Amino acid sequence: MRIAQVAPLYESVPPKLYGGTERIVSYLTEELVQQGHDVTLFASGDSLTQAELVPICPQALRLNEKCIDPLAHHIVMIDSVLARRSEFDIIHFHIDYLHFPMTRETGATTLTTLHGRLDIPDLQPLYRAFRDMPVSSISNAQRRPLPWLNWQGTIYHGLPKNHYEFSPESRGYLVFMGRTSPEKGIDDAIAIAKQVGLPLKIAAKIDRADQEYFRNTIKPLLKEPGVEFLGEVGFPQKNDLLGGAVAMLFPIAWPEPFGIVMIESMACGTPIIAYPCGSVPEVIENGVNGFIVRDTKSAAEAVRHIESIDRAACRQRFEERFTAGDMCSNYLGLYEALVRQEGEILPAPSGVPIG
């Protein structure tokens with residue numbers, strides 16, 4: 001198939017440090033190329049890919065201090081994509097709804113994977129206005145606020161099978177990986193580590209919007225004994241950090257659409273201890289690849305019983321459910337259905353989702 005992948009411009013593809021959506025776009029793009037498809041990637045110029053790269057801006061926008069208006073670059077990208085629309089069997093967008101007004105009437109076959117949270121009230125009128133646009137979700141939980149969208153399927157994220165090395169033993173610390181925003185729960189992670197008396201390594205990005213929260217709430221907590229703040233961590237440091245952990249703490253307080261770090265942790269053989277928000281119950285099988293808990297007290301108790309989790313079983317669950325090969329095959333199924341104009345509006349699934 002002739003496939004266009006349209007990535008956000010905030011991070012390179014793949015990202016050099018933090019970056020979830022762009023990382024998944026990279027894994028999907030490279031897998032499609034390996035399977036023999038003709039793929040064109042619209043992304044920042046510092047991206048690395050075996051596909052044809054169409055560089056929209058020289059550098060990823062988040063790390064470019066000269067970038068003031070990132071939206072302007074995305075509009076240029078959409079125009080560039082549509083100028084070449086006749087070259088593609090399908091255009092796969094990963095930029096939320098930005099392209100909807102421009103692509104709806106073009107006749108191009110499109111799929112939009114929604115990567116973010118959908119429970120924001122402002123999104124209701126927008127998606128009602130564009131409820132005919134074919135979209136896919138990254139978890140069943142993500143769909144709940146907007147069950148009436150033109151859902152084509154739920155496809156879980158996947159990682160290249162051999163990208164992360166399995167670590168059969170830990171090195172005696174807990175790890176937190178994510179953003180420093182309030183909903184990610186760094187404060188709870190620190191409290192959990194303190195209760196069980198284990199060191200905590202924190203690999204986290206500080207967004208501009210979270211700087212005040214980090215300065216006033218999180219930074220004072222970093223003075224606790226055993227707490228180490230590492231900032232943003234890229235690959236392969238991420239593999240070593242996750243693989244050496246007793247457990248990865250994921251005490252979120254928001255409807256997480258997926259949570260890539262959970263499957264990255266599984267790929268390393270490291271179990272996850274998480275609160276039951278968003279996609280967590282779809283990714284974590286309680287007692288198999290981690291524990292689902294409700295507060296810091298029960299999380300601490302889970303850490304004390306973490307040796308009951310078989311690290312090899314964590315890795316096995318990753319290989320069975322969350323590889324890039326499976327993700328790619330499932331997206332190809334959606335592409336083919338849409339190209340044949342056989343896509344249907346699917347209800348939010350109650351059983352096993354696509355992927």
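Each reported figure results from applying straightforward, stated rules to the coordinates on display, with no laboratory input. Predicted model, so just to flag it, every value in this text is computed and none were measured. Positions of Cβ are backbone-derived with ideal geometry, glycine not excepted, and every protein chain shown enters the neighbour counts.
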Quiz item: If only Cα atoms are counted, what is the Rg of the range 173-320, and what is its Dmax, in Å?
Solution: 14.0, 42
Quiz prompt | Alpha-carbon centroid distance for the pair the range 236-285 / the range 70-109, whole angstrom | solution = 33
Quiz item: For the modelled label position 7 Å from the Cα of Q341 along Cα-to-Cβ, which residues of the range 71-111 have backbone nitrogen atoms closer than 13 Å?
Solution: 107-109
Quiz item: What number, in percent, do you get for the relative contact order of the chain if the mean sequence gap of Cα pairs under 8 Å and at least 6 apart is divided by its residue count?
Solution: 17
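Fully extended, how many nm does the chain gain between E319 and L63 (0.36 nm per residue separation, minus their Cα-Cα distance)?
88.9 nm
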Quiz item: When the dipole is taken about the Cα centre of the range 173-320, and only Lys, Arg (+1) and Asp, Glu (-1) are charged at their Cβ, what size is it in debye, to the nearest 20?
Solution: 380
Practice problem: Take the eigenvalues of the Cα gyration tensor for the range 57-97, scale each by 5, and report the square roots as semi-axes in whole Å, largest first. | Solution: 24, 10, 9
Quiz item: So who's got an amide H within less than 5 Å of the one on I272, skipping anything under 5 residues away but keeping other chains? H placed 1.01 Å off N, in plane.
Solution: M248, G290, F291
Quiz item: Which of the listed residues, S47, L242, L114, is farthest toward the dipole's positive end in the chain, when Lys, Arg count +1 and Asp, Glu count -1 at the beta-carbon?
Solution: L242
Practice problem: Measure off 7 Å from each Cα along the Cα-to-Cβ vector at E52 and S80, then give the distance between these two points in nanometres to one decimal. | Solution: 1.3
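Compute the length gained on full extension between V288 and A209: take 0.36 nm times their separation in residues and subtract their Cα-Cα distance, giving the result in nm to one decimal. Present the calculation step by step, with values, prior to reporting the outcome.
On the way: separation 79, 0.36 × 79 = 28.44 nm, distance 3.61 nm.
Full extension of this stretch gives 24.8 nm more.
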Quiz item: What's the Cα-based Rg to Rh of the range 1-40, Rh via Kirkwood?
Solution: 1.00
Self-check item: the range 173-320: relative contact order as a whole-number percent, Cα under 8 Å and 6+ apart
Solution: 24
Quiz prompt | Neighbour-count ranking [beta-carbon atoms within 10 angstrom, fewest first] of R317, R117, R62 | solution = R117, R317, R62
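Volume per residue, Å³, of the convex hull around the alpha-carbon atoms of the range 42-153? Don't skip to the answer; put the middle values down first.
Working: hull volume 14.5 nm³, N = 112.
So the per-residue hull volume is 130 Å³.
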Practice problem: Report, as a whole number in µm² per second, the diffusion coefficient that Stokes-Einstein gives for the chain at 20 °C and 1.002 mPa s using the Kirkwood radius over alpha carbon pairs. | Solution: 103
Quiz item: Cα axis of helix 21-34 to longest principal axis of the chain: angle in degrees, 0 to 90, nearest 10?
Solution: 60
Quiz prompt | Sorted by Cβ neighbour density within 10 Å, fewest at the top, the residues R304, R85 | solution = R304, R85
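If you take every residue apart from D210 with its C-beta less than 14 Å away from the C-beta of D210, what net charge results, scoring Lys and Arg +1 and Asp and Glu -1?
Details: positive: R62, R179, K184, K205, R208, R215, K219; negative: E183, D187, D207, E212, E232.
Residues close to D210 contribute a combined charge of +2.
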Quiz item: How large is the charge dipole for the chain, taken about the Cα centre, if only the Cβ atoms of Lys, Arg (+1) and Asp, Glu (-1) carry charge, to the nearest 20 debye?
Solution: 600
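Using only the alpha carbon atoms of the range 146-213, find the Kirkwood hydrodynamic radius as the inverse mean reciprocal pair distance, in angstroms to one decimal. Numbers along the way, then the final one.
On the way: mean 1/r = 0.0643 Å⁻¹.
Across the range 146-213, the inverse of the average 1/r is 15.6 Å.
To make sure I understand, if each residue's beta carbon is the centre and we count other beta carbons within 10 Å, what order do V261, V135 fall in, fewest to most? Intermediate values should be presented prior to the final figure.
On the way: V261 20, V135 25.
Starting with the residue having the fewest Cβ neighbours, the order is V261, V135.
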Exercise. At 7 Å along the Cα-to-beta-carbon direction for both Q195 and I120, put a label point, then send me their distance in nm to one decimal.
Key: 3.2
